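Worksheet: one structure, shown below.
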Amino acid sequence: MGRRNRTSNDSDEDDIEAGYLMRRVKIRKIADNPKKLSDEERAKRRKEKKLRQKLKKKAAKATTETPTPTPTPTATATPTATKPTPPQEKISPSKISSKPKPPKPPTLHTLPMGVKYYDLSRGTGPVVPHRSRITVSYIGRAVDEKGPVFDRSANFSFKLGKGEVIKGWDIGLQNITRGTTRVLIIPPKAGYGSKDLGSGRHKDMWFQINVK
């Protein structure tokens, strides 16, 4: 009695109202539960904060770090090619300390009658023939080259081997070449005998003769 019958339209309206009420309840529950939203937001904010901090650190690092200047290449002088120095010959101490050797004494030759001679220099001219005329310059000393001078001449001419001079000269000047300087050591028997020439009797005579 006072209760009316529900039509299909009435049921649809009820369903819409019930759905609306359920959504309102759900929204209210969510509003009444701020803890769940704050946790999600808090996690999101933490992520955002960390991201911002990272960006700030990168920006600060980029401003504080100054770029290292790259070294500019300097021009280096090209080394000039130098000629290799030749190796120097090593001088042994014996060569430095050794004194120059004295020249060898000339060879002394002995002829008949005890006449001796040696050449100071040999001429390049022809051999003086036997019994031909010869011109010489000479100096005569008693005993040796340090004895007193007893005879000398700058231009003396005679025939070799014809007895125009003492025997010592004829013997000692045989086969001599023109231009030769020869020393004759003549004993008394091939010269002036026992005659005293300034150094006593029976002394040798020393002649230096240059054949022209």
Of all residues in region 161-212, how many are basic (Lys, Arg) and part of a loop (DSSP other than H, G, I, E, B)? 6
Given (1) in contact with a Ser or Thr (Cβ under 8 Å, 6 or more places away or on another chain); (2) crowded, with 17+ Cβ neighbours inside 10 Å, where does residue 168 come up short, assuming only one miss? (1)
Criterion (polar (S, T, N, Q) and more than 24 Å from residue 125 (Cβ to Cβ)) met by exactly one of 157, 199: 199
Checked region 134-148 for anything surrounded by fewer than 16 Cβ atoms within 10 Å (Cβ to Cβ) and at pLDDT below 95; matches are 144, 145, 146, 148
Quick one: count up the residues across region 175-209 that are under 60 Å from the mean Cα position of the chain (by Cα) and surrounded by fewer than 18 Cβ atoms within 10 Å (Cβ to Cβ). 6
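The values are calculated or read from the model by the stated rules, or taken from the named source; none is laboratory data. Everything numeric here is computed off the predicted structure, so don't read it as measured data. Glycine also receives a Cβ, built like all others from the backbone with ideal geometry; neighbour counts cover every protein chain displayed.
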